[in-house]
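The values are calculated or read from the model by the stated rules, or taken from the named source; none is laboratory data. None of the values given here were measured: they were computed from a predicted structure. Reconstructed Cβ throughout: ideal geometry from the backbone, glycine too, with neighbour counts over all protein chains shown.
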Amino acid sequence: MDQIINQVTVILQTLQKNLYFTLCLVGSLYLIHIVNCLLGHRLIFLGIYPRKVPGLIGVPCSPFIHGNFNHLFFNSIPLFVLVSFVLLYGFPTFYVVSAIIMLFSGVAVWMFARKGFHVGASGVIMGYWGYLLVNAYYHPTILSVAIAVVCLYYFGGLLFNLFPQEVKSSWEAHIFGFLSGVAASYMTPYILHQTTQTTFY
């Protein structure tokens with residue numbers, strides 16, 4: 001019992017320690033959106049435009065651009081929580097997982113998605129969600145399983161994002177983001193030369 005209490009204490013302390021970084025990350029999206037609004041939404045060109053060479057700029061940039069405030073607001077809540085969870089495995093893991101998700105999903109959207117600018121953090125969110133779930137299956141620890149349970153309970157609705165819904169919704173980014181998160185769960189330990197991805201157990 002004492003061991004579990006100690007583990008929970010460490011997790012809470014780590015979440016608190018990473019809070020400033022997470023708030024700055026999410027806050028930067030609002031700052032970028034304000035700038036985008038002041039520029040008459042001209043930053044939309046930084047989104048992914050499939051099969052056009054200039055559209056490749058969106059691979060690293062598109063997760064930071066949003067179409068409107070509602071789009072940003074409803075992305076920022078799950079992004080804040082899921083980033084906090086991934087950070088529990090350490091900053092090196094967070095950076096590698098984020099890079100894999102953004103690169104793989106971005107390139108896949110550029111190659112296969114419908115024409116039009118694809119913007120928003122939804123693909124990255126789906127990637128983090130997929131990473132956390134699959135990581136719990138292949139690397140089961142108290143931490144990873146607890147995170148997966150929370151992800152399923154509170155964000156189980158993200159599963160429906162894998163299916164085509166609204167015309168303006170980039171369901172392709174959702175699918176490729178999720179698959180990229182699954183790929184990240186396999187690749188990250190090898191990239192970081194780890195046998196396990198948790199910093200606690």
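A few comments on the model shown:
- Taking residues in region 44-67 that are modelled with pLDDT of 95 or more, and partners anywhere that are among the acidic types (D, E), the pairs with Cβ atoms closer than 9 Å and at least 6 places apart or on different chains are P50/E172.
- The helices (runs of 4 or more DSSP H) located wholly in region 83-183 that include 3 or more residues which are surrounded by 15 or more Cβ atoms within 10 Å (Cβ to Cβ), modelled with pLDDT of 90 or more and in contact with a Ser or Thr (Cβ under 9 Å, 6 or more places away or on another chain) occupy 91-112, 122-138.
- A count restricted to region 5-49 and to residues that are of a type in the set (S, T, Y) and outside any helix (DSSP H, G or I) stands at 1.
- Index of the failed condition, V107 passing every other in (1) more than 14 Å from the chain's Cα centre (by Cα); (2) more than 18 Å from F64 (Cβ to Cβ); (3) of a type outside the set (K, R): (2)
- For region 184-201, the candidate set comprises residues that are at pLDDT 85 or above and either more than 18 Å from G123 (Cα to Cα) or in contact with a Cys (Cβ under 7 Å, 6 or more places away or on another chain) (or both); within that set, the residue that is surrounded by the fewest Cβ atoms within 10 Å (Cβ to Cβ) is Y190.
- Inter-residue pairs, beta-carbon under 8 Å, first of a type in the set (A, V, I, L, M, F, W, C) and in region 155-182, second part of a loop (DSSP other than H, G, I, E, B) and at pLDDT below 90, 6+ apart: W171/F163; W171/P164; W171/Q165
- Enumeration of residues in region 55-70 that are in contact with a Gly (Cβ under 6 Å, 6 or more places away or on another chain) and in a helix (DSSP H, G or I): G58, V59, S62
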